[in-house]
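Here's the structure we're looking at; comments come further down.
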Amino acid sequence: MITALTAPRVRAWTEAAAPSDLPAYVHDLPALRAHAGAVAAHVRPVAELFYAAKANPDPAVLAAVAPCADGVEVASGGELAHVRSVLPDARLAFGGPGKTDAELAAALDAGVERLHVESPHELARLAALRRDAGVLLRVNLAGDRAGAALAMSGPFGMDPAAIDACRPILAAAPHVRLRGVHAHLASGLDAAAMVRQSAEILGWARPFLHGVTAPEINLGGGMAVDYADPAARFDWAAYARGLAGLRRPGETLRIEPGRALSVYCGWYVTDVLDVKRAHGEWFAILRGGTMHLRTPVTKGHDQPCAVLPRGGDGPATGGEPVTFVGQLCTPKDVFARRVAAGRVAVGDRVAFAMAGAYAWNISHHGFLMHPEPRFVYLDD
Ligand SMILES: Cc1ncc(COP(=O)(O)O)c(C=O)c1O
């Protein structure tokens, strides 16, 4: 879909950029700080807010989000070392399946406050390190995830039977302290669905945590963003109200969103190298490609974009819908299909919105060895 380039700093940069500046990931840091601050104002009175670094671990993004968050969730030894170096004092939670012994030890060395344990075997290996550790057991509940963009079915966390197998391990390892339960069951839920899912998690966790002092329940991330409507926002106020209704005295609720925090601050900006018609369909070939911004391919959507005409007199469409593709030799290298972009000419600028999460860091950068994009950080 076509969207407006409403971010004034990004628009000014895009208009002034030379072709040699492109492609570029352009970050609107004041907008990110404002958005994260607004989310925090709703959430933090009722729940701790951790940022899931996997969404976008760019140091500038981490630094912008950190003052608005209670901590950061990391999901590998690499993320752990990276986030620790960027934010030496941040509270950290360490999750993710398949942690190695070395990663578990590194987490304790780095002062990770909470380990999200994914299996009885992982818990036993942690216990064998004979070091003090605070753990949340990650539960995988078999509920109905209808409406979710991604249900975390499969090997994530433990079903209630596997969790029961953790009890004797914990009983034999007093240095490993059960602090609570962690769950991240789905992505792409709106506020009402997220409240229902939170109630489901709490309904399971509370009896399980009976007897645990000051229990903590991490309700995960997965708050919806709408790539078909870049102006829409997850209803944080409604979710916070829902959590306030669910919360009980003495327990700590925690959430760990990623995408819904960082996605709006990033733009992938490029220009049109060529325009052509093939078998009746118009294509605009852009500098760069989905090796830089894999999100539309992995999610199977059209990345929303704004087109800034440059008035060039080179090849142009006649105003028909146009498919934006990159420079890769694969038909999968598509950013957006049949976009009603008006006349698109060689040299026009194209700015893809919602490129601040699961974008550069999930992309296959080395494929075809095109130059990497620039990274631009706009600030006041
Ligand atoms: C354990 C865990 N927590 C948090 C997140 C963040 O999810 P999102 O970026 O959808 O908010 C993920 C994403 O996969 C995850 O696996």
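The values are calculated or read from the model by the stated rules, or taken from the named source; none is laboratory data. Remember, it's a predicted structure, so these values are computed and weren't measured experimentally. Here the Cβ positions follow ideal geometry from the backbone for every residue, glycine too, while neighbour counts run over all protein chains shown. Each accessible area value is taken on the protein alone, full model and side chains, heavy atoms only, with ligands, DNA and RNA left out. Shrake-Rupley method; radii C 1.70, N 1.55, O 1.52, S 1.80 Å.
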Can you name every residue in region 132-151 that is surrounded by fewer than 14 Cβ atoms within 10 Å (Cβ to Cβ) and either within 21 Å of E103 (Cα to Cα) or hydroxyl-bearing (S, T, Y) (or both)? D132
Determine which single condition A183 fails, assuming it passes every other condition in (1) under 29 Å from the mean Cα position of the chain (by Cα); (2) open to solvent by 10 Å² or more (accessible area, probe 1.4 Å); (3) not β-branched (V, I, T). (2)
Go through (1) open to solvent by 40 Å² or more (accessible area, probe 1.4 Å); (2) in contact (Cβ under 8 Å) with a residue 40 or more places away in the chain one by one and return the number of the condition D101 breaks. (2)
Just name the residue that is farthest from G289 (Cα to Cα) out of those in region 17-54 that are surrounded by fewer than 17 Cβ atoms within 10 Å (Cβ to Cβ) and out of contact with any strand residue (DSSP E or B) (no Cβ under 8 Å at 6 or more places or on another chain). P45
Quick test for you: out of A205, A238, pick the one residue that is touching a residue at least 40 places away in the same chain (Cβ under 8 Å) and within 30 Å of A4 (Cα to Cα). A238
Which condition number in (1) touching a helix residue (DSSP H, G or I) at 6+ places or on another chain (Cβ under 6 Å); (2) more than 16 Å from the ligand (Cβ to nearest atom); (3) more than 27 Å from T317 (Cα to Cα) is the one that A359 fails? (2)
Residue among D313, D348, D271 that alone is among the acidic types (D, E) and touching a helix residue (DSSP H, G or I) at 6+ places or on another chain (Cβ under 8 Å): D271
Odd one out for R337 among (1) more than 30 Å from G71 (Cα to Cα); (2) open to solvent by less than 10 Å² (accessible area, probe 1.4 Å); (3) in a strand (DSSP E or B): (2)
Selection count, region 296-334, where residues are surrounded by 15 or more Cβ atoms within 10 Å (Cβ to Cβ), of a type in the set (A, V, I, L, M, F, W, C) and over 17 Å from L22 (Cα atoms): 4
Over region 272-295, the set of residues assigned to a strand (DSSP E or B) and either within 14 Å of the ligand (Cβ to nearest atom) or buried (at least 24 other Cβ atoms within 10 Å of the Cβ) (or both) is V272, A284, L286
If you scan region 58-71, which residues turn out to be open to solvent by 10 Å² or more (accessible area, probe 1.4 Å) and under 30 Å from L273 (Cβ atoms)? D58, A60
Suppose we filter region 239-271 for residues that are surrounded by fewer than 22 Cβ atoms within 10 Å (Cβ to Cβ) and touching a His at 6+ places or on another chain (Cβ under 9 Å); how many remain? 2
Checking P97 against (1) at positive phi; (2) within 16 Å of the ligand (Cβ to nearest atom), the condition it does not meet: (1)
Which one is most open to solvent (accessible area, probe 1.4 Å), of the residues in region 198-232 that are among the hydroxyl-bearing types (S, T, Y) and under 23 Å from A151 (Cα atoms)? Y227
